Amino acid sequence: MADQDAVKEKDAPIKAPGLKGVVALESELSSIDGEKGELIYRGYTIEDLAEHATYEEVVYLLWNGELPTASELEALQHRLRANRALPDEVLDILRNAPASAHPMAVLRTAVSALSFFDDEAEVMEEEANRRKATRLLAAMPTIIAAFDRLRKDQEPVAPLDEGSMAYNFLYMLNGEKPGEAAERTFDVCLVLHADHGLNASTFTSRVIGSTLSDMYSAVSGAIGALKGPLHGGANREVMRMLLDIDEKGADPAEYVRERLANKEKVMGFGHRVYTTMDPRAAILRDMVEDLSEEKNQRKWYDYSLAIMNTMIGDKDINPNVDFFSASTYYMLGLDPDLFTPIFALSRTAGWTAHLLEQWSDNRLIRPRAEYVGPKGKTFVPVKDR
Ligand code: COA
């Protein structure tokens with residue numbers, strides 16, 4: 001009897017709306033301490049990595065568990081560079097997309113279409129999945145930059161066979177080679193967004209992966225999840241707000257208070273896990289301060305700080321990664337609707353690392369719903385309804 005009770009107890013459904021506080025799986029990839037405001041990737045703090053690592057080193061770390069040696073890093077860079085070009089058919093899809101299309105919708109479609117031209121798309125061996133992760137990550141910047149140029153009636157710029165991912169992306173976007181400072185700033189942004197525990201898009205990718213569906217399906221689904229304004233889409237909304245404040249000549253604190261009074265959310269604030277400052281936001285805040293001095297655009301930093309102080313002072317809600325990344329990208333000359341695709345490009349490292357981890361010890365992810373609909377109804381034929 002006692003044994004039966006134990007079994008019942010073990011299998012009893014646990015209700016957790018929004019899955020808040022639920023630990024769904026074990027991961028060796030990244031860890032968040034929401035109370036202390038700490039983030040680590042495979043044992044290294046985000047501060048340490050942001051200061052010292054390149055994005056490619058972080059990619060290697062996430063995929064392999066250790067930082068690369070010089071020759072391992074060179075080999076990864078070589079593989080990534082070799083896979084930058086898109087199949088012509090995928091470029092044609094970008095050419096045929098309307099200029100008004102949401103860049104995340106374009107990215108989602110192009111990533112899905114890449115699978116048609118990958119002979120290993122359906123091969124689920126680990127080495128094949130590692131090769132696909134490399135191909136997918138390498139193609140991301142090319143898709144985003146090519147669509148951005150096409151929608152502006154410019155020809156896509158072919159990827160270079162040199163330089164970092166950050167360097168090549170900025171080059172393909174603008175058609176000119178970026179300066180060292182822009183490349184480094186962008187590279188740090190990529191480092192900061194590479195992985196973040198079991199966030200909504202990573203969870204999506206693992207749910208899809210857990211059915212033993214393929215990597216392209218899982219990453220396309222993750223892009224769909226990231227697109228939403230409660231997740232990666234928030235950075236675009238933050239910039240909309242800053243531009244609106246600027247255009248109206250509004251007082252940032254009053255602007256935000258009005259939003260709160262209307263029960264509207266202020267994008268770029270709040271987090272499911274952090275109860276204190278997101279450490280990535282702290283790093284980006286310093287970057288925004290430096291950039292706004294350097295570019296003589298101090299207003300973005302001033303508005304941001306006034307909004308942050310109001311949100312903390314009035315609501316005790318802290319900024320998340322999207323708040324300060326918005327003005328960072330803006331001052332790098334990037335269009336606001338590219339901010340979320342850039343997040344996706346960086347997070348592809350994390351999504352694919354999580355998929356490799358998921359498949360190394362797979363179990364179907366399948367929670368339950370509490371049924372709250374009616375019961376006991378009797379079918380009535382259509383003629384009698
Ligand atoms: N602006 C205003 N109020 C906010 C807020 C924000 N950005 N974030 C949270 N709150 C408030 C909620 O209104 C709620 O208040 P209530 O208890 O009085 O109803 C409370 O804080 C809890 O928020 P809730 O949305 O229930 O928390 P959550 O854990 O479900 O959601 C987020 C987390 C991230 C979805 C949420 O903070 C949010 O929508 N933020 C804005 C979008 C954003 O920046 N997303 C990027 C995340 S990295």
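The values are calculated or read from the model by the stated rules, or taken from the named source; none is laboratory data. Quantities reported herein were computed from a predicted structural model and do not represent experimental measurements. Cβ placement follows ideal geometry from the backbone for every residue including glycine, while neighbour counts extend to all protein chains displayed. Surface areas here come from the heavy atoms of the whole protein model, side chains and all, with no ligands, DNA or RNA. Shrake-Rupley method; radii C 1.70, N 1.55, O 1.52, S 1.80 Å.
Summary table below
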{"quantity": "Residue within the stretch 317-330 that is within 14 Å of the ligand (Cβ to nearest atom), closer than 20 Å to SER201 by Cα and acidic (Asp, Glu) present", "calculated": "yes"}
{"quantity": "Pairs with Cβ under 7 Å, 6+ apart, first in the stretch 254-281 and within 10 Å of the ligand (Cβ to nearest atom), second part of a loop (DSSP other than H, G, I, E, B) and of a type in the set (Asp, Glu)", "calculated": "HIS271/ASP278"}
{"quantity": "Residues located in the stretch 268-286, provided they are crowded, with 21+ Cβ neighbours inside 10 Å and either at pLDDT below 95 or at positive phi (or both)", "calculated": "GLY268"}
{"quantity": "Counted residues, the stretch 360-384 - those being over 20 Å from LYS15 (Cα atoms) and part of a loop (DSSP other than H, G, I, E, B)", "calculated": "10"}
{"quantity": "Residue match in the stretch 345-354 (condition: of a type outside the set (Val, Ile, Thr), open to solvent by 10 Å² or more (accessible area, probe 1.4 Å) and either in contact with a Lys or Arg (Cβ under 8 Å, 6 or more places away or on another chain) or more than 12 Å from the ligand (Cβ to nearest atom) (or both))", "calculated": "no"}
{"quantity": "2 or more residues closer than 30 Å to LEU355 by Cβ: qualifying helices (runs of 4 or more DSSP H) within the stretch 194-274", "calculated": "200-210, 215-227, 234-248"}
{"quantity": "Complete set of residues in the stretch 331-344 that are assigned to a helix (DSSP H, G or I) and surrounded by fewer than 23 Cβ atoms within 10 Å (Cβ to Cβ)", "calculated": "MET331, PRO336, ASP337, LEU338"}
{"quantity": "Selection from the stretch 216-240 of residues that are closer than 18 Å to ARG206 by Cα and more than 9 Å from the ligand (Cβ to nearest atom)", "calculated": "TYR216, SER217, ALA218, VAL219, SER220, GLY221, ALA222, ILE223, GLY224, ALA225, LEU226, LYS227"}
{"quantity": "Selected residue [surrounded by fewer than 24 Cβ atoms within 10 Å (Cβ to Cβ), without any contact (Cβ under 8 Å) to a residue 12 or more places away in the chain and closer than 27 Å to MET331 by Cβ] from GLU127, GLU176", "calculated": "GLU176"}
{"quantity": "Qualifying positions in the stretch 65-113 - small (Gly, Ala, Ser) and either assigned to a helix (DSSP H, G or I) or touching a strand residue (DSSP E or B) at 6+ places or on another chain (Cβ under 9 Å) (or both)", "calculated": "ALA70, SER71, ALA75, ALA82, ALA105, ALA110, SER112, ALA113"}
{"quantity": "Checking SER210 against (1) polar (S, T, N, Q); (2) open to solvent by 30 Å² or more (accessible area, probe 1.4 Å); (3) farther than 30 Å from MET308 by Cβ, the condition it does not meet", "calculated": "(2)"}
{"quantity": "Top-ranked residue of the stretch 34-50 - restricted to ones that are open to solvent by less than 80 Å² (accessible area, probe 1.4 Å) and within 16 Å of the ligand (Cβ to nearest atom), ranked as farthest from ASP361 (Cα to Cα)", "calculated": "GLY37"}
{"quantity": "Residue among ASP161, ASP187, ASP195 that is touching a residue at least 60 places away in the same chain (Cβ under 8 Å) and within 16 Å of the ligand (Cβ to nearest atom)", "calculated": "ASP195"}
{"quantity": "Residues being in contact with a helix residue (DSSP H, G or I) (Cβ under 7 Å, 6 or more places away or on another chain), assigned to a helix (DSSP H, G or I) and open to solvent by 10 Å² or more (accessible area, probe 1.4 Å) - total across the stretch 145-159", "calculated": "1"}
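Yes or no, residue by residue, for (1) assigned to a helix (DSSP H, G or I); (2) open to solvent by less than 30 Å² (accessible area, probe 1.4 Å); (3) touching a residue at least 40 places away in the same chain (Cβ under 8 Å); (4) among the hydrophobic types (A, V, I, L, M, F, W, C):
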{"residue": "GLU293", "(1), (2), (3), (4)": "yes, no, no, no"}
{"residue": "TYR303", "(1), (2), (3), (4)": "yes, no, yes, no"}
{"residue": "SER325", "(1), (2), (3), (4)": "yes, yes, yes, no"}
{"residue": "THR328", "(1), (2), (3), (4)": "yes, yes, yes, no"}
